[in-house]
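Undergrad: Structure below; questions to follow.
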Amino acid sequence: MYITDLNKDGGIGANSLLLEIGPFRILIDAGMHPKQIGPAALPNFRPIKQEGVDAIVLTHCHLDHLGALPLAAKTNPNAPVITSIPNLTLAPRMLRNSINVMKRQRAEHGIQEYPLFVHRDLAALSRQFEGQQYGRKETYRSQGSTFDITLHTAGHVAGASAVEIEHDGEKICFTGDVLFDQQNTLPGAQLPSGPFDVLVLETTRGLTERPQGKTRATETERLLKKIVEILDRGGSCLIPVFALGRMQEMLKLLSKSLRDGTLPRSSVFVTGLGLDLANHFDQIRQKTGLIDFDIEVIEEMGAGPLEPNLVPGRNPTKRGIYLVSSGMLVAHTPSYQVAASLLSDSKNGICFIGYCDPDTPGGTLLKTANGERFLFDAYDYSTPVHASVDQFDMSGHADREELVAYAVKTQAKKIVLTHGDPEARAWFKETLQKVMPESEIIDPKPLDRISL
Ligand SMILES: [Zn+2]
Ligand SMILES: [Zn+2]
């Protein structure tokens, strides 16, 4: 077996791993780097262009795993693109949105290569998709031989899978992004127990220590209290969320809390891709029962769209809870717009519920003290921060200790680290070496073909 990490920048970046097992070449994920722009955001696909692949597997539909899939599929038109049933609905929707974003960026930043793919490519990709049920081993044939793939629910986000691949007695498991906790819309991960020859392990939270007593439940409670506080003082509350997953999680939480009186009666504003995905979640629930999300919660809350033409420094005409993407206040997104309107008024509050990359406007705002100035670059508008700004840990990723415990259980002979910053991987490497002295722990250098 060989593995090559095609994510040329390391870190979390543009996730894409090439597995060679027996005579087969299988690509796991084809993401786009969230912080890069233009062709620099792509994985290095040279190894899959030269020799091709027999199959492509998509673990889930976040863009750091999915964003470059149409290109990988296009260079390998005969390879099946294997993924869970919910992703057959979610992937095309996410990618259509990517095309629109790239078209806008082409105009804004003059990136000639954008869009990197077009709607015709999505139609071609759809013909390559092979939906696979969780927990069912499927056999794929190529070159007169076979390999088996089993998908397992990975929590994290709707459609997320861990991927078990077997050929000729060798077994490897890719965790993908994992969350063991149950969420409002999804059950927690049910990962295969092994034993494996190789386990490819995500390491996102390698640097995050969970303080005693701080759980998803206590963080949820703290968030709801903060929202009540903001509404009680007559302000509006912005909750920036990822459109896929976090948005629908929060819609369920808000509707329940409004219904049971935890939150006072208030207006809720939602918008954009996340709202559209909520409709898809409802369809997937009806078709597969794999997601617990009913679109009626939106109607029941009376959630409405944002008013057009919000003005920086001026409160929206209607007070309430703004549940909008992006989760990290990326420029020109609805959350960036709402933040610019709310930030100068001390009655308002912003509640981040997930990780913010330090280089994004959200990350910068979290480092800005109350009273200090914050610049909304895209509007050339700056204001002292008067609104409250808080962060709550409701991560979509498993705690590092849970992942180590899982790795131990699988008795994997070799563990390949992926999807983490260098320091996060270093923590996993050191910890796993201690608790699994018989196993080899590998942090692959990008583009090195590692023999396993
Ligand atoms: Zn993810
Ligand atoms: Zn990811």
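Undergrad: Sum -39500 (n - 2.57) across every DSSP H segment of at least 4 residues in the chain, then divide by the residue count to get the 222 nm mean residue ellipticity, nearest 500. Before the final figure, lay out each step's value.
TA: Working: 13 runs with 147 residues, N = 452.
Result for the chain, helices only: -10000 deg cm²/dmol.
Undergrad: Per-residue counts of other Cβ atoms within 10 Å, averaged by peptide: what ranking do you get for 5-12, 440-447, 223-230, highest first?
TA: Working: 5-12: 20.4, 440-447: 16.4, 223-230: 18.1.
Put in order of decreasing packing, that is 5-12, 223-230, 440-447.
Undergrad: Could you give the length gained by full extension between residue 50 and residue 207, i.e. 0.36 nm per residue of separation minus their alpha carbon distance, to one decimal place?
TA: Residue separation times 0.36 nm, minus the Cα-Cα distance, leaves 52.8 nm.
Undergrad: Looking at the square roots a ≥ b ≥ c of the eigenvalues of the Cα gyration tensor of segment 94-231, which shape do they give, rounded for a/c under 1.5, prolate if a/b is larger than b/c, or oblate? It would help to have the intermediate numbers written out before the result.
TA: Details: a/c = 2.31, a/b = 1.11, b/c = 2.09.
Oblate is the answer for segment 94-231, as a/c is 1.5 or above yet b/c matches or exceeds a/b.
Undergrad: Within segment 220-242, name every residue whose backbone N is under 20 Å away from a label modeled 7 Å from Cα of residue 265 along the Cβ vector.
TA: Output list for this probe position: 227-237.
Undergrad: Could you state the angle between the C-alpha long axis of helix 85-109 and the longest principal axis of the C-alpha atoms of the chain, as a value from 0 to 90 degrees rounded to the nearest 10?
TA: For helix 85-109, the angle is close to 60 degrees.
Undergrad: Follow-up question, since we're still on this one. Over all directions, average the projected area of the Cα convex hull of the chain and note it in nm².
TA: Seen from a random direction, the Cα hull of the chain projects 20.8 nm² on average.
Undergrad: Further question on the same structure: Placing +1 on the Cβ of each Lys and Arg and -1 on the Cβ of each Asp and Glu in the chain, which of 384, 208, 419 has its Cα farthest towards the positive end of the resulting dipole?
TA: Going by the charge dipole, the pick is 384.
Undergrad: Ranking request for peptides 325-332, 311-318: highest mean number of other beta-carbon atoms within 10 Å first, then the rest in descending order.
TA: Going by the mean number of other Cβ atoms within 10 Å, highest first, we get 325-332, 311-318.
Undergrad: Output the peptides 89-99, 154-164 sorted from most to least packed, where packing is the average of other Cβ atoms within 10 Å over each peptide's residues.
TA: 154-164, 89-99
Undergrad: Just going by the charge dipole of the chain, with Lys and Arg at +1 and Asp and Glu at -1 on Cβ, which of 179, 84, 269 is farthest out on the positive end?
TA: After comparing all options, I get 269.
Undergrad: Then there's this: Sequence gap at least 6, Cα distance under 8 Å: using those rules, report the relative contact order of the chain to the nearest whole percent.
TA: Numbers: 1004 pairs, mean separation 74.4, N = 452.
Rounded, it is 16 percent for the chain.
Undergrad: If only Cα atoms are counted, what is the Rg of segment 33-72, and what is its Dmax, in Å?
TA: For segment 33-72, the Cα-based Rg and Dmax read 10.8, 30 Å.
Undergrad: Just to be sure I understand the model, the point goes 7 Å from the Cα along the line to the Cβ. What's the resulting residue 9 to residue 286 distance in nm?
TA: Modelled inter-label distance: 4.0 nm.
Undergrad: Let me ask something additional. Between helix 422-435 and the chain, what is the angle of the helix's C-alpha long axis to the longest principal axis, kept within 0 to 90° and rounded to the nearest 10?
TA: It is inclined by approximately 60 degrees.
Undergrad: Note the angle between two axes, namely the Cα long axis of helix 119-128 and the longest principal axis of the Cα atoms of the chain, as a number of degrees from 0 to 90, rounded to the nearest 10.
TA: Orientation of helix 119-128: about 50 degrees from the principal axis.
Undergrad: Using only the C-alpha atoms of segment 216-391, find the volume of their convex hull and express it per residue in Å³.
TA: Working: hull volume 19.3 nm³, N = 176.
That works out to 110 Å³ per residue.
Coordinate-derived values only; no laboratory data. Just so you know, these numbers come straight off a predicted model, no measurement behind them. When we count neighbours, we look across all protein chains shown, and the Cβ atoms used for this are built from the backbone with ideal geometry, even at glycine.
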